[in-house]
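Worksheet: one structure, shown below.
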Ligand code: C2E
Ligand code: MG
Ligand code: MG
Ligand code: MG
């Protein structure tokens, strides 16, 4: 094939491949430094209870503040970190930072909330995962039930027996577990029954056209009723419009997360949001 394309093409493809390989390498090298040089930050996206309208938790989402390239999305580096194994160290930093932050909000007198942390497949597969979770809780003095781990179906299904074992250990410790991106993986319903989880998160691909797409409506309703029959709470992610929220509320979804409520925010703005909420509630109580 290369012969058919001619010399110029061969060089073109080779240099392109090299360039992207180099790019990946330098990204990875940069990411290694990022941890040490304090370039990683967490932002927190509120999760709201659909009945009360109150923020009851936040999801920690990582951002890389690169000195030259600005803020880099996790979509650009989590895969690379996963392939290289660097995700284990990064994931532990996320866990530690999120636990400390949640404890700091509590110490500041804000209403107690849950912080959710995304756990990658590689990190979850580590022997030391359960120990590291316990350590992060101990170090931060955060109560276990104030931490939730978000895992995906495909992560669990890689090694079902081991995964369920680990999930049980975490559950016994008091840590909550949630299935992220639900509906996009391939866990069987019988496996789902054995997961010690407290909630299902409907993937945002089913939410984006929820107002107009009858198939997405059917899927969302099916996930909500399945979740409720298994005694789980159901949360929808990526909720951007009032129509989507109204549909979810009318169909008994428990919680929502998305730009309609708030984008991910730095810790100080979460504190302000919780303060404003507490004031509003006190106002309601006084009347
Ligand atoms: P995810 O856990 O499913 O997180 C949801 C993503 O949707 C986040 O993107 C969030 O900012 C975005 N989002 C929230 N509300 C809306 C909305 O209304 N509309 C739209 N279009 N998007 C919304 P983000 O922060 O770029 O993170 C992307 C993915 O990267 C996450 O998906 C998660 O899989 C991964 N990730 C992020 N932080 C971490 C981390 O600390 N550790 C690991 N292992 N993965 C992470
Ligand atoms: Mg998530
Ligand atoms: Mg998700
Ligand atoms: Mg997602």
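The values are calculated or read from the model by the stated rules, or taken from the named source; none is laboratory data. What you see is a predicted model, and the numbers here were worked out from it, not measured in a lab. Here the Cβ is made from the backbone with ideal geometry for all residues, glycine too, and neighbour counts use every protein chain on show.
Points worth noting:
- Selection within region 117-149 - farther than 19 Å from residue 172 by Cβ and not in a helix (DSSP H, G or I): 118, 120, 141
- Test: residue in region 216-233 that is within 13 Å of ligand 1 (Cβ to nearest atom) and in contact with a strand residue (DSSP E or B) (Cβ under 9 Å, 6 or more places away or on another chain): no
- Of all residues in region 87-102, those being touching a helix residue (DSSP H, G or I) at 6+ places or on another chain (Cβ under 6 Å) and either over 17 Å from residue 59 (Cβ atoms) or within 16 Å of ligand 4 (Cβ to nearest atom) (or both) number 3.
- The set of residues from region 152-196 being touching a helix residue (DSSP H, G or I) at 6+ places or on another chain (Cβ under 7 Å) and within 18 Å of residue 134 (Cα to Cα) comprises 163, 164, 166, 169, 170, 173, 174, 175, 176, 177, 196.
- Those strands (runs of 3 or more DSSP E) of region 30-81 in which at least 3 residues are within 22 Å of residue 119 (Cβ to Cβ) and within 16 Å of ligand 3 (Cβ to nearest atom), considering only elements entirely within it, cover 40-49, 55-66.
- Pairs are defined by a Cβ separation below 9 Å, a sequence spacing of at least 6 or placement on different chains, a first member in region 47-67 that is modelled with pLDDT under 95, and a second member that is part of a strand (DSSP E or B); the pairs so defined are 66/72.
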